[in-house]
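Down below is the structure, laid out as structure tokens.
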Amino acid sequence: MPDARVFVVEDEKIHAKITRISVQNAGYEVVGECDNADEALDAIEKAAPDVVLMDISIPGKINGIGLAKCLYEKKGPPVIFTTSFTDPEVIEQAAASFPASYLIKPIQLDNLKAAMALALAKKTQAAPQSSRAPLNGRSIYIKSGNKLQKVLLKDILWIEAAGDNYCKVVTKTHQLISRHTVKGMVKELNSDYFIQTHRAYVVNRERIDSIHEKEQLVIINGCEVPIGRTYKEELYSQMRRC
């Protein structure tokens with residue numbers, strides 16, 4: 001049985017074919033396709049897919065970004081953007097529609113599998129039966145130097161080893177050095193939202209933008225965090241369960 005049902009929104013026939021074959025080769029089921037944004041919304045609602053692969057530049061009154069925003073507002077399936085664009089402005093606009101991930105054409109099978117793992121994880125997180133306590137509002141005081149710094153758990157991007165018995169806690173605005181091992185800091189955080197990807201790195205699963213399976217990297221806020229070979233399977237397992 002396929003692991004997930006996928007709907008493809010793509011107007012270029014060659015890319016639609018490649019995407020369809022990639023999805024099937026990855027073990028997923030293609031439950032529908034559409035080549036324009038105006039008809040796609042109704043088609044997606046009827047097909048009820050688990051994930052939508054969406055071309056950003058799809059023709060219609062709205063583009064792929066606009067369609068993804070509609071799906072987000074309707075609490076529809078998570079969207080993975082597929083595009084040839086790498087322009088920062090386009091990516092910034094795409095991010096405003098809260099996609100699950102982002103794939104550059106032509107789609108590579110390993111990157112597709114990684115993006116699907118993220119998308120399915122986000123779908124599960126959105127389900128009402130989820131019992132994990134949200135990170136919003138939860139905080140920890142980290143001793144850095146001669147002061148205690150309050151850090152919201154949701155703001156932590158990742159934690160990395162910084163020498164013997166020290167670790168670096170990274171947020172968008174701070175890099176705090178704390179006298180904890182990585183393992184010790186994770187114990188202090190006491191949250192299932194943090195996943196170890198490498199012996200020297202732990203990431204906040206809520207902050208993961210994409211996973212590059214071929215390069216063995218997690219991308220968070222534009223930065224690369226390594227995936228250790230012995231942590232890869234557990235990372236994917238946890239992402240599927242979240």
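Observations on the model:
- Tail weight of P(r) past 12 Å, computed on alpha-carbon pairs of segment 167-212, percent: 65 percent
- The angle between the Cα long axis of helix 64-73 and the longest principal axis of the Cα atoms of the chain comes to about 70 degrees, rounded to the nearest 10.
- Convex hull volume of the C-alpha atoms in segment 181-242, normalised per residue: 83 Å³.
- C-alpha center-to-center spacing [segment 2-65, segment 92-126] in angstrom: 13 Å
- Based on DSSP H segments of at least four residues, each scored -39500 (n - 2.57), the chain has a per-residue ellipticity at 222 nm of -10000 deg cm²/dmol.
- Normalised by 2.2 N^0.38 Å, with N the number of residues, the alpha-carbon radius of gyration of segment 1-92 equals 1.01.
- Rounded to the nearest 0.05, the FRET efficiency derived from the C-beta distance between Asn146 and Thr173 at R0 = 25 Å is 0.80.
- Rolling a 1.4 Å probe over the heavy atoms of the protein chains gives the chain an accessible area of 54 Å² per residue.
- From largest to smallest, the equivalent ellipsoid semi-axes obtained for the chain from the alpha-carbon gyration tensor read 35, 18, 16 Å.
- Most mobile of Ile65, Ile140, Ile219 in a GNM of the chain (Cα contacts under 10 Å): Ile140
- For Phe85, the accessible area of its heavy atoms, probed at 1.4 Å with every protein chain present, is near 90 square angstrom.
The values are calculated or read from the model by the stated rules, or taken from the named source; none is laboratory data. All of these numbers come straight from a predicted model, not from anything done at the bench. No Cβ is skipped: glycine too gets one built from the backbone with ideal geometry, and neighbour counts run over all protein chains shown. The protein model used for the area step is the full one, side chains on, heavy atoms only, and it has no ligands, DNA or RNA in it. Shrake-Rupley method; radii C 1.70, N 1.55, O 1.52, S 1.80 Å.
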